[in-house]
Structures are given as structure tokens and as C-alpha cells.
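Have a look at the structure below before the remarks.
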Amino acid sequence: MHSKSTYVLVPGAGGEAWGWHLVVPLLRSAGHEVIAPDLPASDDSAGLGAYTDIVADAIGSRSKVVIVAASMGAYPATMVCERTDVASLVLVAPMIPAPGETPGEWWTATGQVDAERDLAIREGRNPDAPFDPVTMFLHDLPPEVLEDALAHGGPTQSSRPFADRWPLAAWPDVPTRVIAGLRDRLFPFEFLRSLSLRRLDIEPERLDSGHLVALARPRELVELLLNGNEGRVPRRRPG
């Protein structure tokens, strides 16, 4: 039996807690408290600071929380670590920031653009085809989850937070884990593994999943959260 923890689930771009809706009941049925805030992704006045405020306010006075952040959610999640008592940080298919880097700069600075294109070519997809969310994000969802996702509709994401620089001078002094999807088409596995090793000196844990891990493999993700390694504080400064 696991001791009770508080899990704080931070969404990625689009800011919808709905992306965690299959994970939340699994963690709660295992006896844990779960907080899954929505972020103001459609608000053109809300930057990374506003996202961080919302997560910090949702945590309140709780201590030793476990923050699990998806994709772009790594930015506010790491910033929250400077303001609250965090036991560990778990990044799922994450954008791993570097000091002074904006989310908008991240794509070219990390090599993501070339990695995404190269994977499309290797898989026989047209790298210049118009963006298709099913091809990029929903390709590995179980049929019933795909149906729900299509009915739910795509979220709106303002470009506003992509202009804000990551304000931390170094990685938070918090044990950190990285979980990567072997079938991620946005952040191809070898790209994300290289980035995680380069910026954090952390070997990612692997799941047979695309980018939306919490929708594609919720049970496997929860199993990793509950029974995976404890993480460690990165020895390197991101850069």
C-alpha cells in the first residue's frame, strides 16, 4: 500500500485538465489526493507567470506534493517548485526549458523541428502536409478514447506564454523524472532522450505511447508514477 500523496497534474498546451481525466480516478482509487487545474490557455493576457500562479494557488498550503507536468506544462511546473514544497517533479513528454529560453525559442534551439520532420520522413508521412491533430497527437489512442477526444474538440492556445523567458537560473532542487513516449511524433523519442540527457543528465523512462501519454496509456502511466524510481536532482544546469 502506497502512502498517501498529493498529485498535482499540470496540463500542456491548451491548458485543459480534461487531458488527465483518465489518470485522475486511477490515482484517487489508489488512495491519493489529486489536483488538476485548468490553465488560462485561451487568455491572450496570461503568460507563464499567470499559469504558475494558478498551479501554486491550487496547491495552497499543501506540502510534499508530487507535480506531474505534460509537454509545455514543464515550464510552469518547474517555476512552481520555487514557491511550494514539492517532493518530486515528473515530466511527461516534456518541453525541458533552459535558463533564459522562451517556449517559442525552444523548438529551434533544441532541434525539435528537424527531429519531427525526420521522423515523418522515416514513417513515410509527408513532412510538409497540413497539420492534422489525429496524425500528430491522437494516432495511438484507443478507439473509444479517440472518439471522446474528437467529440471534446481541440483546445485553444494563446501565443502569449511562448514569449516569456524561463526565469530560473538553474533546475529546481527537486528530484526529477522524465517519461517519454516511444511513438511520440511531436517529440520523437531519440530527440527527447538526447535533450533529457543533455539538459538534465536524466535517462527517460519509456512508455509505448504517442505524445498524449495520459490519454493513450493512463494505467501504464499511473503504474510508473506509483512504482517508478524516485527521481533525482539533475547534476547539470540546463543549457
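Computed from the coordinates by the stated procedures, all read-outs in this text should not be read as laboratory data. Keep in mind that what you see is a predicted model, and the values were worked out from it rather than measured. Don't worry about glycine lacking a Cβ; one is built from the backbone with ideal geometry, like all the others, and counts go over all protein chains shown.
Annotations
- One residue alone among 134, 233, 222 is β-branched (Val, Ile, Thr) and in contact with a helix residue (DSSP H, G or I) (Cβ under 6 Å, 6 or more places away or on another chain), and that residue is 222.
- The residue of region 72-103 that is nearest to residue 53 (Cα to Cα), among those that are of a type in the set (A, V, I, L, M) and out of contact with any helix residue (DSSP H, G or I) (no Cβ under 9 Å at 6 or more places or on another chain), is 74.
- Any chance residue 57 is more than 18 Å from residue 106 (Cβ to Cβ) and part of a helix (DSSP H, G or I): yes
- Region 105-123 residues that are touching a residue at least 24 places away in the same chain (Cβ under 8 Å), paired with ones that are part of a helix (DSSP H, G or I) (beta carbon under 6 Å, 6 or more apart): 110/195; 115/191
- Of all residues making up region 159-173, the number that are surrounded by 17 or more Cβ atoms within 10 Å (Cβ to Cβ) and out of contact with any Gly (no Cβ under 8 Å at 6 or more places or on another chain): 3
- Of all the residues in region 64-84, those that are under 15 Å from residue 171 (Cα atoms), surrounded by fewer than 24 Cβ atoms within 10 Å (Cβ to Cβ) and out of contact with any Gly (no Cβ under 9 Å at 6 or more places or on another chain) number 3.
- Pairs where the first residue, in region 24-45, is in a helix (DSSP H, G or I) and the second is among the charged types (D, E, K, R) and surrounded by fewer than 18 Cβ atoms within 10 Å (Cβ to Cβ), C-beta under 8 Å, 6+ apart: 26/219
- A count restricted to region 48-63 and to residues that are crowded, with 18+ Cβ neighbours inside 10 Å and touching a residue at least 60 places away in the same chain (Cβ under 8 Å) stands at 2.
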